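The values are calculated or read from the model by the stated rules, or taken from the named source; none is laboratory data. Since the structure is predicted, the reported quantities are computational estimates derived from the model, not experimental observations. Backbone-built Cβ (ideal geometry, glycine too); neighbour counts: all protein chains shown.
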Amino acid sequence: MDRRILLRLGAWLGAGALLRAQANERVEYKDFKKEAPISVIYHADFGDPNRFGQMLTNISNHLSVYDNDPFKVKIVVVAHGAGVQFFLKDLEGTPWANAQYDREAIFSRVKQLAQLGVEYYLCEITFARNNIPKDKLRPDEFLKWVPSGVGALGELQAKGYAYIKVG
């Protein structure tokens, strides 16, 4: 089958999924599946914006060697601890309230990668332990809750996902 047709079909199916997707839905571990021959978790438990930016660059490079084809590679970012700050609407009232970096530029890159199929799983325990209201999470459909970030890491690895941590 012509590759262009496959990409159009993938985009069409992806658009349908986005129409059904709800912002910040919760993903249960039982629903984790290995969706592509190459399935990878990037682990973000750090708050350094330069390191986070490097992780986004690595993800972009990773996708590019598979022609940004979601049938070939699936990438999930699991964020907990200080790593959740990059997905918040604002940092007021959080442990990272004094952080100084271009948050919108970073999140713009997050969104670009989401358009290529990258999903982001955020740890509910981090929000609870740091008294961060859940409504501080940006309302994007590619940002999803998991009960525990480290729990999600183990579950995804058990399903065949490779583990990568930038740093």
Next on the checklist: Looking at (1) under 23 Å from Lys33 (Cβ atoms); (2) of a type in the set (S, T, N, Q); (3) without any contact (Cβ under 8 Å) to a residue 24 or more places away in the chain, which one does Ser148 not meet, given that it meets all the others?
Outcome noted: (3)
Item to check | Count of residues meeting criterion [in contact with a Lys or Arg (Cβ under 7 Å, 6 or more places away or on another chain), of a type in the set (Gly, Ala, Ser) and modelled with pLDDT of 95 or more] in segment 144-167 | outcome: 1
Item to check | Single condition Gly117 does not satisfy, out of (1) over 22 Å from Ser148 (Cβ atoms); (2) more than 11 Å from the chain's Cα centre (by Cα) | outcome: (2)
Next on the checklist: I need the full set of residues from segment 48-94 which are part of a helix (DSSP H, G or I), farther than 19 Å from Glu119 by Cβ, polar (S, T, N, Q) and in contact (Cβ under 8 Å) with a residue 12 or more places away in the chain, in order please.
Outcome noted: Gln54
Item to check | Filter result (within 19 Å of Pro95 (Cβ to Cβ) and of a type in the set (S, T, N, Q)) within segment 35-85 | outcome: Asn50, Gln85
Checklist entry - When segment 131-146 is examined, which residues are found to be surrounded by 15 or more Cβ atoms within 10 Å (Cβ to Cβ) and outside any helix (DSSP H, G or I)? => result Ile132, Leu137, Arg138, Asp140, Glu141, Phe142, Leu143, Lys144, Trp145, Val146
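Select from segment 79-114 the residues that are of a type in the set (Gly, Ala, Ser) and surrounded by fewer than 17 Cβ atoms within 10 Å (Cβ to Cβ) and write down the one among them that is nearest to the chain's Cα centre (by Cα). Outline the logic, then answer.
Quick first cut of segment 79-114, residues of a type in the set (Gly, Ala, Ser) only: 79, 81-83, 93, 97, 99, 105, 108, 114.
Going one step further and asking which of them are surrounded by fewer than 17 Cβ atoms within 10 Å (Cβ to Cβ), we end up with 93, 97, 99, 105, 108.
Working: Gly93: 23, Ala97: 22, Ala99: 21, Ala105: 16, Ser108: 13 Å.
Here the answer is Ser108.
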Checklist entry - Which of (1) surrounded by fewer than 17 Cβ atoms within 10 Å (Cβ to Cβ); (2) assigned to a helix (DSSP H, G or I) does Phe127 not meet, given it meets every other one? => result (1)
